[in-house]
Amino acid sequence: MPTEYLPIVIFMLVATAFGLGSLMVGIIFRPHRPYAEKLIPYESGNIPVGETRSRFHIHFYIIAMLFLVFDVEAVFMYPWAVVFDKIGLYAYIEMILFILILTVGYIYAWKKDAFKWD
Amino acid sequence: MEQYSAAEKIYELFSEKALALGIPEPVLVIAAYAIPCLVVINLIQGAAGMLTYAERKISADIQNRIGANRVGPFGLIQFLADGVKLFLKEDIIPDAADRKLFKLAPYIVLSSTVLAAIVVPFGGSFIVADLNIGLIFIIVVSSLLVVGFLMSGWASNNKWALLGGIRSAAQIISYEIPTALSLLCIVLITGTFSLQETVMSQGLWPWQWFIFHNPFSFVAFFIFFVSALAEMNRTPFDFPEAESELVSGYNVEYSGMRFSIFFIAEYGSIFIISGLAAAVFLGGGNIGLDPYESPLHMQLLMVGVFFAKTVPLCLVIIWVRWSMPRLRIDQMLTMCWKYFIPIAFACLVATAIWLLVFNGNGIFWRMPAP
């Protein structure tokens, strides 16, 4: 059994138990007096107007897509970085080619104003 | 070389007695691993508490105020009073909220923060688990934060919270790339993801640290540190919280203990990120001795060295918050995509060239003989 990964499970359990425990114990001490005005969404004291989950800036989607591209590409960098000192020049040339191809896409995104927020 | 984790040591110390008492072995193994876990989780909570105190005191000094000074000497146990207050506050869940997601989100944020602490080497042999994928593990669990923030923003069904959650997601995922790339510069040098090995291949003196390994790792450190500020949603990148425009961002609908879970996670991550920066770039708790062979008092000295590097970094993060105004969101994105990512890539490529040309050696740092 790979016991070195056991702490991950324990940590998640303990963190959740800490949160749950403090909330459960708190039930005894804390007040619970809900009324309609208290339970409406907070909007700096005004009565909320309109749809809450409204449309937001399209640019957030573009950022997410750019992130996907660059993060997937960074995934290829991890194994490369670890074995770099063993493979040397060959690994280096391979990765330069990879980064060059990526740079083309990067320049394209830049020229298309994907990094611009307006 | 035989390497022990703290849990294995505890297991060795108590296994014979406990087995004689008839405690089954799986229980014993889990208990041995649970002890360091509990210690570290409490350490993070304590650090988070002390950091809130430090934040209040430092901000007060910078703004020419007195700050917390009523509870305990110099207001030192103010954070406990705050904790008790939050504990006693009413737990409000708005009618419009998605109750399940609303309740789940704080746990995701908290567990992704404390999970990162598993692989942080606290000096000596004090590390919960020296995973051979340590750095990847930290990057992975810190991207779980995005899920928690988006979840809390969406589930609150509140315009401020939704905007805060989305901003937070955009910011964290953007800055994750330069963070990962700047850490990879160091992975290139060491050839390992294990944080304990990264610390062990550095030394006591500043010129043996990886920040001074070559000019590019020096740049990488600053890219890492600033990107980490953005990943933690700290000023000057605190758009998700932005008190003056979004009130409090993704956690605006949270109250009482649920709010304080977000708070503990935020300050805990300051401590963990500083610890990571200290371990990867600044030599961690290395004093030039083998952590697994040294006697206990030397190991405690290593822990002291680790904290002597981590605490100033935490204080710098707090200092930055009270000195810098918030950027605009377009400035934040420009900085990441047009400057940090190209510079981080250039650092990575240049570090690789450096290692090829100088045969793995740094300016002062020498490749250990195989």
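None of the figures in this text is laboratory data; all of them are computed from the coordinates on show. What you see is a predicted model; the values in this text were computed from it and never measured. Because the Cβ atoms are built from the backbone with ideal geometry, glycine has one as well, and the counts that use them run over all protein chains shown.
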| remark: Treating only Lys and Arg (+1) and Asp and Glu (-1) as charged, each at its beta carbon, one finds that chain A has a dipole about its Cα centre, in Debye to the nearest 20, of 400 debye
| field | Highest average packing first - B:97-110, B:164-177, B:214-227, Cβ atoms within 10 Å | value | B:164-177, B:214-227, B:97-110
| query | Counting only other chains, what is the mean number of Cβ atoms within 10 angstrom of the Cβ of each residue in peptide A:58-68? | reply | 4
| request: At 7 Å along the Cα-to-beta-carbon direction for both A:K112 and B:V39, put a label point, then send me their distance in nm to one decimal. | output: 5.2 nm
| task | Provide the packing ranking of B:111-123, B:22-34, i.e. peptides ordered by the mean count of other C-beta atoms within 10 Å per residue, highest first. | result | B:111-123, B:22-34
| task | Can you tell me what the convex hull of the Cα atoms of the range B:254-345 projects to on average, as an area in nm²? | result | 9.6 nm²
| Among B:152-159, B:69-76, the order from most to least packed when residues are scored by Cβ within 10 Å on average | B:152-159, B:69-76
| note | Spelling it out for B:S255: with amide H atoms placed in the peptide plane at 1.01 Å from N, the residues 5 or more places away or on another chain with amide H under 5 Å from its amide H are B:I92
| query | Using the Karplus equation 6.51 cos²θ - 1.76 cosθ + 1.60 (θ = phi - 60°), what ³J(HN,Hα) coupling, rounded to whole Hz, does each residue of the range B:251-256 give in order, writing x for Gly and Pro? | reply | 9, 5, 8, 7, 9, x
| message | I'd like the FRET efficiency for A:I40 and A:F98, computed as 1/(1 + (r/R0)^6) with the beta carbon distance as r and R0 of 56 Å, rounded to 0.05. | response | 0.60
| request: Work out the mean other chain Cβ neighbour count within 10 Å for the residues of B:180-188 and drop it here as an integer. | output: 4
| What are the aspartates and glutamates whose alpha-carbon lies under 14 Å from the alpha-carbon of A:K116, with same-chain residues fewer than 8 places away excluded? | B:D330
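When the helix-only estimate is applied to the protein assembly as shown (DSSP H runs of n ≥ 4, each -39,500 (n - 2.57), divided by the residue count), what is the mean residue ellipticity at 222 nm, nearest 500 deg cm²/dmol? Before the final figure, lay out each step's value.
Numbers: 16 runs with 315 residues, N = 488.
Computed mean residue ellipticity for the protein assembly as shown: -22000 deg cm²/dmol.
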| note | Binned at 10 Å from zero, the C-alpha pair distances of the range B:175-292 give percents of 13, 37, 26, 16, 7, 0
| field | For the range A:1-72 versus the range B:281-315, the gap between their alpha-carbon centres in whole angstrom | value | 35 Å
| Longest span of chain A, sites excluded, free of trypsin sites (Lys or Arg not before Pro) in DSSP loop with at most 11 other C-beta atoms within 10 Å? | A:56-111
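Below 8 Å, C-alpha to C-alpha, sequence gap of six or more: please give me the relative contact order for chain B in percent.
The normalised contact order for chain B reaches 22 percent.
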| task | Label chain A by shape, choosing from rounded, prolate and oblate, from the square roots a ≥ b ≥ c of the eigenvalues of the Cα gyration tensor; if a/c is under 1.5 it is rounded, and otherwise prolate applies when a/b is larger than b/c, oblate when it is not. | result | oblate
| query | To the nearest 0.05, how large is the calculated FRET efficiency for B:Y292 and B:F74 if R₀ is 35 Å and r is the Cβ-Cβ distance? | reply | 0.35
| request: Determine the shielding of peptide A:35-45 by partner chains: average, over its residues, the number of Cβ atoms on other chains within 10 angstrom of each Cβ. | output: 4
| query | What is the Cα centroid distance between the range B:146-195 and the range B:22-89, reported in whole angstrom? | reply | 24 Å
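Report the charge-dipole magnitude of the range B:4-357 in Debye, nearest 20, computed about the Cα centre from +1 at each Lys and Arg Cβ and -1 at each Asp and Glu Cβ.
Dipole of the range B:4-357, to the nearest 20 debye: 780 debye.
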